[in-house]
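Reading through the structure tokens given below for one structure.
The values are calculated or read from the model by the stated rules, or taken from the named source; none is laboratory data. Just so it is clear, the model here is predicted, and its values are computed rather than measured. Using ideal geometry, Cβ is built from the backbone for each residue, glycine included, and neighbour counts are taken over all protein chains shown.
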């Protein structure tokens with residue numbers, strides 16, 4: 001009986017999505033070197049639906065992306081370059097954990113309590129976004145939308161809002177950047 005329980009525990013531990021997490025080394029089973037295509041990612045995440053689409057910048061196709069969904073709701077978006085080499089993974093579901101107990105839906109104020117953030121404003125397709133890392137870890141980026149601040153912030157598009165205002169933003173995505 002104990003042997004059966006050990007086998008079942010090993011199988012359960014290897015099945016994703018078993019409490020997926022964004023870490024410095026990847027997201028769940030996704031690590032540097034994973035090929036970005038629906039077939040590969042569907043094997044890693046058998047309980048998710050994998051949908052492949054083009055990544056575009058200024059109307060040009062610049063790479064490939066795969067959205068992994070559960071019950072019709074996106075959970076992860078995996079981005080690759082034109083050669084399908086992994087570039088980044090975005091957690092878009094509050095079910096995915098990040099370091100320090102953070103998750104999509106948490107406030108930037110919670111993130112700020114952990115230390116001084118290294119932030120910049122997005123450009124082109126990322127215009128309107130605030131992208132912040134918590135040093136020394138630069139491979140995990142927390143993304144918020146500055147428009148949430150409404151009339152309280154009307155600074156230049158390339159300027160980071162003051163920390164007191166940014167604290168009110170919601171983490172919309174958590175991105176892991178592949179090395």
When the range 131-151 is checked residue by residue, the ones that are surrounded by fewer than 19 Cβ atoms within 10 Å (Cβ to Cβ) and touching a helix residue (DSSP H, G or I) at 6+ places or on another chain (Cβ under 6 Å) are 149
Per the filter on the range 112-125, residues within 19 Å of residue 159 (Cβ to Cβ) and either without any contact (Cβ under 8 Å) to a residue 40 or more places away in the chain or touching a helix residue (DSSP H, G or I) at 6+ places or on another chain (Cβ under 9 Å) (or both) are 112, 116, 117, 118, 119, 121, 122, 123
Based on what the data block shows, is residue 68 within 26 Å of residue 133 (Cβ to Cβ), modelled with pLDDT of 95 or more, in a helix (DSSP H, G or I) and touching a strand residue (DSSP E or B) at 6+ places or on another chain (Cβ under 9 Å)?
no
Inspect the range 115-122 for any residue being out of contact with any strand residue (DSSP E or B) (no Cβ under 7 Å at 6 or more places or on another chain) and over 23 Å from residue 64 (Cα atoms) and give the result as yes or no.
-> yes
Residues in the range 25-49 that are touching a residue at least 24 places away in the same chain (Cβ under 8 Å), closer than 20 Å to residue 96 by Cβ and assigned to a strand (DSSP E or B) total 3
Log entry, pairs with first residue in the range 50-62 being over 14 Å from residue 87 (Cα atoms), second being assigned to a strand (DSSP E or B), beta carbons closer than 6 Å, six or more apart or on different chains, reads 50/66; 50/68; 51/67; 52/66; 53/65; 61/54
### Query
Is one or more of the residues making up the range 99-110 crowded, with 17+ Cβ neighbours inside 10 Å, modelled with pLDDT of 95 or more, in contact with a helix residue (DSSP H, G or I) (Cβ under 9 Å, 6 or more places away or on another chain) and within 30 Å of residue 37 (Cα to Cα)?
yes
Among (1) touching a helix residue (DSSP H, G or I) at 6+ places or on another chain (Cβ under 6 Å); (2) surrounded by fewer than 18 Cβ atoms within 10 Å (Cβ to Cβ); (3) within 23 Å of residue 179 (Cα to Cα), residue 128 falls short only on (3)
Residues in the range 12-19: is at least one at pLDDT 95 or above, assigned to a loop (DSSP other than H, G, I, E, B) and over 18 Å from residue 77 (Cβ atoms)?
no
Test result for residue 22, under 16 Å from the mean Cα position of the chain (by Cα), part of a strand (DSSP E or B) and either modelled with pLDDT of 95 or more or surrounded by fewer than 15 Cβ atoms within 10 Å (Cβ to Cβ) (or both) | yes
- Query: Is it fair to say residue 80 is over 28 Å from residue 39 (Cβ atoms) and surrounded by 12 or more Cβ atoms within 10 Å (Cβ to Cβ)?
  - Reply: no
Filtering the range 95-111 for residues that are in a helix (DSSP H, G or I), closer than 25 Å to residue 155 by Cα and under 16 Å from the mean Cα position of the chain (by Cα) leaves a count of 2
